[in-house]
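Data first, discussion second: the structure below is written as C-alpha cells.
The values are calculated or read from the model by the stated rules, or taken from the named source; none is laboratory data. Just so it is clear, the model here is predicted, and its values are computed rather than measured. All Cβ positions, glycine included, derive from the backbone under ideal geometry; neighbour counts span all protein chains shown.
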C-alpha cells in the first residue's frame, strides 16, 4: 500500500473508533466504559504487535512483558514522584531497551529460539517483579498513583478513556507510517523470504530488531494506559496468557492488516463479555477460532471479508483477473550503476558439501559491458558458484573480488549493496503484495525516498515491460511478469554486476525476446551481466562470452560458436564414449561436419 | 510395462512437459536423453507419482497409476532412483538397503539373499555396510542408490541421471553395472544427459528438448543421428 | 547433596521426556507443537480420570493415559498437522497454540479448576541411600525415564519401524521412494510423542498437583532443554533437559527458591549468548 493509502486507511479507522468509542462516554455507560478502556489499551498493543508478527513474521511469545514492564515502570516512577512526562519516557524506554537486548541475542538464530527466548525473558521478568516486593508490591501488586493534569483526573476507566482514544489514533497513524516506510517494506520482505530479502540488500537482523523495538513502544504505551485504567496492577499483567491473547487478537482479526489488529482486539475483548452464556466453554471456542483462522488459510476476519468482497465483485464483473495480461513494450532508459566500473574476479574458488566437491578451483572474470553466459551440465556447480559469489555460501578457499573489494565471507545483503545483485531460479514473491510493493524496498535501499523512490520504481517497471502493473497483486500476474519483476527488483539496487539465474525458464519465444532486449540494454549501460541458463538457443544468441563449468571447474571458455563446437563441451553434455579418452576425435569431427 | 500417453506436467504457470508419449516394455532398457531443463526429471517424477499430471495417461502393468500415491506405485513394483541419489546420510549403508525392502518384506522374511546380490554387484557396499551413508563418495553413493532400487525387487527401475556429478571413470563403471542389471529380467528407464553412456546400454532412446519429445528410435539409429547435438545446443 | 541431585535428575528426566517428544514430532514434520505441554496435562488428567471414575489401579491408569494420548496424538496429526503440511512454520506454531487452548478448555469443562492429587504407584515413602533420604517416587521417575530412553535408542537402531521413522525424519520424499508409507509412519510418530507426554504427565503429577497449568510451563522448560542441548538432536534433548532440571533444583535450593524459574530460563539466555547452536551442535548447511 502506498503511504497515502495507508494513512487514509488509518484515518478511516480512527474516525470509526472515535465515533463508536465516544458513545459509552457520552451515554455515561459505566460498564461499557470499563470494557472499552481495557479493549482500547489492548488495541494499542495489538496494533504494535502487528508490526512484529504481522509485518515482520516474528512470533514473540512474551510480548506482554513489554506491556507489563511499561505499566510497572510507569507506576513505580510515579510512586517515586518522578514527573509524569519523565515517567512515560522511562516506561517506554526500558521496554525498548529490553527489546533491543532480546533481539540481538535471539534473532541471530532460528525463529523457534526467538519465540522461546521471548517467553523465557517474560517469565524471568515476571519472576523478578513478583519477588521484588519492596518496589513492586510483589504478588499482591501495587496501586497506580493518580494522574491529574490541570485538575482533570486521568485515572480510572472514565478518566483514562479520552487518553486511550487519543493514543489509539496516534497508534493507528504511527502504524500506517511505519508500515508504509522503507523499514516496513523491508520488514515484509524479510517476513516473506528471508534469503531473498538478504540477496536484495536488506539487512535482516537490523530490520527485525527495529520492528521488534517499535512493537515494544506500542506495548509499553498500552501498559501505561492499562495501569491508569485499572489503578492497580499485579504480576499477572505479564503472564503468558496475556501474550497469547495478543496473538489470538491478531490472528483472529487478520495478521498483517491494521484493520485486522483493530477488529481482533475488539472481538476477542468483547466476545467473552457478550457471550457469557457459553461460560467456561470460552477457552475451547477461543482455541477453535484460532485454529480455524489458520486452517481456513485466510487472514482472519479481515481476510475472510476481503475474499467475500472479491467474490461478489467477480460475480458482477466476470473478470478472471489479469490472466490475459500481456507484456508492455519496454521503455528506453538507462540503468546507471552506482560507483566506479569494476570487474568481478572469481579466483581459485573451492566449495564442498559433505564429500562432494561442488566447486574445485574456479577462476572466471566478468567484465563491465559484457553479457557473460555461465553454462554447464546438471550438477556442474553453476548454482553453487552463484551462491558463493552472492554470499549465500562462504567459499572453502579462493577469493571473489569486485575491483579492490573482497566479497568472500561477507553477508548476502552486504554483497548486494556492494553492487552485485541477483535473481533467483524460482521467483520468490508474496502473492498479496503489489508489484510496486516488491520493487520499492529495493529502490529505497539505495537511499531514494518518497516520491523520488516511487518514480524510480515506476520507471524500472516501464523499462522491464511491466508498465501499468504497479498496483496489481503479484498473485494474479502471469509467470513472465514475475520473472521480469525479479529483474526490476535486482536493477533497483543499481548493481555493477547482475547475476540472472535461469531468467528465461518458462518464457515463450516472444517473452524471451523481450528479455533479451532488456539484457542488451544493460550491456550498453556497462553492467556486467551473467546469465545462467539451460535454454541454449537463448543464451548462446545473447552472450558474447561463455564459460562452461563441468564437475566444479571451468572446462571451456570462449565465444558461443567456439563453445558449441568445442569437443570438451560436447563431451561434457553428451558424455564420453569411454572414460579414458578426453573427447573421441572421430566423434567430434562427425558433429563438426554438421554445423 | 509402462505406457505414457500425451503427458503434460505443469508447475504453476510453467509447463515442464508437453504431450510426451513413451513406452517401456518388459525387460527393455529405455533411455531418455536431453540437456538439463529439458524436462527429464519431471517425466520420471510424474511416472512415479511425485509430480502432478496435468493431462495425459500413465499406465503401469496395464493399470492407470495417475493420481496414485508414490509409495504405493513403488510398492507395486517400480523403483525410483532419484536425481542426486537421495541417500539417507544419517542411516548406515545397510539400513538404507534394508529399508528399500519395504514393498515386499513381511515379518520374518530374510533379506540376506537380496543383500548378497547387491553386494556382489557392488563389493564396496559390503565393505562399508555399517558406515553412515553420508561418508560415501559420490560414486559409492550412486551404487548405493542403485542397490537400494534393486532391493525393492522391482519389475522396472527408473534412474534419474545416474552420471550426475561423477568423474568419467566412475560414470563408465556405473553404466557397466546398469548394463549387467539390464541383462537380467528387469526393465530400466534411464533419464540421462550423458548421451554416449546411455546409448551404450539402452535398447531404445527418446530425446527430450524443452519439454517435448524431438526424436525417438532404436539406440543404434539415434547414436549416429546429427540431430542429437541440435537437441542439446539448439544450433 | 545427593538428595538435590536426585531431585534435579528426576525433574530433568521429566523435561527430557517432554523435550524428546517435542523434538521427535519436530523432526518428523518440521513443525513445532506448542500443544505438546497441554498433552502432558491431558495425560495426567486421563490417569486421574482412570483412577477415580474407573477406579483402576494406578499402573493401569498410566496405561490408559498413554493409550489415550497416543490416539490424541494421531488425531492431532490428522486434523491439524496434515491439513497444514504445506503451511509455513509460523502458521503451524500458532495453530498449535490454539489447540493448546482447546485441550485446556476441555479439561476445564470436564474437571473444573480445582487441583487434584494423583498418587504414585510406589507411594509417598522415601528410602535412605548413604545417609540421604530420597523420595521413592523420584527414583521411579529416573528409572522409568532411563528405561524409556534406552529402549527408544534400541528401537530406533534395531527395528524396521524405528529405521523407517529415522528415514522419514531425514527425508520424507526419499522415504516414499523406498515404498515407506510415510503418512502412517508420521502418525505413529505423533502417537509415540504424545505417549511420551502422557508418561511425563503421570510421572510429574504425584510431585505436583494435577492442574490445568501443569504442562505448559514444563513444555517451555523442556524446549529450553532441547535448545541447550542443540535443537533437533535427541541426545541433546536428553542432556539439555537434565541440565535444566539440575539448574532449577540446585539454583532454587542453594541460591533462592523464589527465582526457581529464572534459573531454567536464564540458562537459555546464557547458551544463546555463548553457544547459539547448543551443546550438541546440529550441523546442517542448508542448500538453496
Going residue by residue through the stretch C:1-18, is there one that turns out to be within 22 Å of residue C:164 (Cα to Cα), in a helix (DSSP H, G or I), at pLDDT below 95 and in contact with a helix residue (DSSP H, G or I) (Cβ under 7 Å, 6 or more places away or on another chain)? no
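Do the conditions hold for residue C:202, that is, is it buried (at least 24 other Cβ atoms within 10 Å of the Cβ) and facing another protein chain (nearest Cβ under 10 Å)?
Here the answer is no, as residue C:202 does not meet what is asked.
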Within the stretch B:60-84, which residues are assigned to a loop (DSSP other than H, G, I, E, B), buried (at least 21 other Cβ atoms within 10 Å of the Cβ) and more than 9 Å from chain C (Cβ to nearest Cβ)? B:65
So residue C:105 clears everything in (1) in contact (Cβ under 8 Å) with a residue 12 or more places away in the chain; (2) more than 22 Å from residue C:184 (Cα to Cα) except one condition, right? Which one? (1)
State all residues of the stretch A:464-481 that are within 11 Å of chain B (Cβ to nearest Cβ) and buried (at least 21 other Cβ atoms within 10 Å of the Cβ); if no residue qualifies, say none. A:477, A:480, A:481
For residue C:209, only one of the following conditions fails: (1) buried (at least 24 other Cβ atoms within 10 Å of the Cβ); (2) touching a residue at least 60 places away in the same chain (Cβ under 8 Å); (3) in contact with a strand residue (DSSP E or B) (Cβ under 7 Å, 6 or more places away or on another chain). What is its number? (1)
Whichever residue in the stretch B:144-173 is in a helix (DSSP H, G or I) and within 20 Å of residue A:552 (Cα to Cα) and, among such residues, is modelled with the lowest pLDDT: B:168
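What number of residues within the stretch C:83-107 satisfy the criterion of being within 11 Å of chain A (Cβ to nearest Cβ) and outside any helix (DSSP H, G or I)?
Looking only at that region, the number is 5.
Is one or more of the residues making up the stretch B:198-209 touching a helix residue (DSSP H, G or I) at 6+ places or on another chain (Cβ under 7 Å), away from chain A (no Cβ under 13 Å) and farther than 16 Å from residue B:36 by Cβ?
Yes, the stretch B:198-209 contains at least one residue that is touching a helix residue (DSSP H, G or I) at 6+ places or on another chain (Cβ under 7 Å), away from chain A (no Cβ under 13 Å) and farther than 16 Å from residue B:36 by Cβ.
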Just wondering, is there one or more residues in the stretch C:215-226 that are in a helix (DSSP H, G or I), more than 21 Å from residue A:132 (Cα to Cα) and more than 12 Å from chain A (Cβ to nearest Cβ)? yes
I'm told residue B:44 meets every condition in (1) over 17 Å from residue B:156 (Cα atoms); (2) within 14 Å of chain A (Cβ to nearest Cβ) except one. Can you identify the failing condition by its number? (1)
Quick one: in the stretch A:552-565, of everything that is under 23 Å from residue A:358 (Cα atoms) and within 11 Å of chain B (Cβ to nearest Cβ), which residue is farthest from the chain's Cα centre (by Cα)? A:563
Listed residues A:87, A:45, A:14, A:29; which is buried (at least 24 other Cβ atoms within 10 Å of the Cβ) and in the same structural domain as residue A:274 (by TED's automatic domain parsing)? A:45
Considering only the stretch C:95-115, I want to know if a residue exists there that is farther than 30 Å from residue A:55 by Cβ, touching a strand residue (DSSP E or B) at 6+ places or on another chain (Cβ under 9 Å) and surrounded by fewer than 21 Cβ atoms within 10 Å (Cβ to Cβ). yes
For the stretch C:44-52, indicate whether the set of residues that are outside any loop (DSSP other than H, G, I, E, B) and within 26 Å of residue A:113 (Cα to Cα) is non-empty. no
If you take the residues of the stretch C:160-172 that are assigned to a helix (DSSP H, G or I) and facing chain B (nearest Cβ under 7 Å), which of them is surrounded by the fewest Cβ atoms within 10 Å (Cβ to Cβ)? C:170
Residue C:67 being at pLDDT 85 or above, more than 8 Å from every other protein chain (Cβ to nearest Cβ) and crowded, with 16+ Cβ neighbours inside 10 Å: no
Residue ID - nearest to residue A:375 (Cα to Cα), chosen from residues in the stretch A:472-503 that are modelled with pLDDT under 85 and outside any helix (DSSP H, G or I): A:478
Test of understanding: among A:463, A:457, A:406, which residue is more than 30 Å from residue B:36 (Cα to Cα), more than 24 Å from the chain's Cα centre (by Cα) and not assigned by TED's automatic domain parsing to the domain that holds residue A:359? A:463
Just to verify a result, which residue in the stretch B:105-116, among those that are away from chain C (no Cβ under 11 Å) and surrounded by fewer than 21 Cβ atoms within 10 Å (Cβ to Cβ), is nearest to the chain's Cα centre (by Cα)? B:115
Kindly check whether there is at least one residue in the stretch A:511-528 that is out of contact with any helix residue (DSSP H, G or I) (no Cβ under 9 Å at 6 or more places or on another chain), surrounded by fewer than 22 Cβ atoms within 10 Å (Cβ to Cβ), farther than 22 Å from residue A:342 by Cβ and within 14 Å of chain B (Cβ to nearest Cβ). no
Failed item, numbered, when residue B:191 is tested on (1) in a strand (DSSP E or B); (2) within 8 Å of chain A (Cβ to nearest Cβ): (2)
For the stretch A:509-525, indicate whether the set of residues that are at pLDDT 90 or above and in a loop (DSSP other than H, G, I, E, B) is non-empty. no
Scan the stretch B:86-104 and give yes if some residue there is surrounded by fewer than 20 Cβ atoms within 10 Å (Cβ to Cβ), within 12 Å of chain C (Cβ to nearest Cβ), over 30 Å from residue C:234 (Cβ atoms) and modelled with pLDDT of 90 or more, otherwise no. yes
Go through the stretch A:444-455 and count every residue that is surrounded by fewer than 19 Cβ atoms within 10 Å (Cβ to Cβ) and either on the phi < 0 side of the Ramachandran plot or in a helix (DSSP H, G or I) (or both). 7
Of the residues in the stretch C:245-280, how many are away from chain A (no Cβ under 11 Å) and within 29 Å of residue A:131 (Cβ to Cβ)? 11
Checked against (1) surrounded by fewer than 18 Cβ atoms within 10 Å (Cβ to Cβ); (2) part of a loop (DSSP other than H, G, I, E, B); (3) within 12 Å of another protein chain (Cβ to nearest Cβ), residue B:185 satisfies every condition except (3)
I want to confirm something. Restricting to the stretch A:529-538 and keeping residues that are outside any strand (DSSP E or B) and touching a helix residue (DSSP H, G or I) at 6+ places or on another chain (Cβ under 9 Å), which single residue is surrounded by the most Cβ atoms within 10 Å (Cβ to Cβ)? A:536
Report, by residue number, each residue of the stretch B:213-226 that is in contact with a strand residue (DSSP E or B) (Cβ under 6 Å, 6 or more places away or on another chain) and either without any contact (Cβ under 8 Å) to a residue 24 or more places away in the chain or within 21 Å of residue A:564 (Cβ to Cβ) (or both). B:214, B:215, B:218, B:222
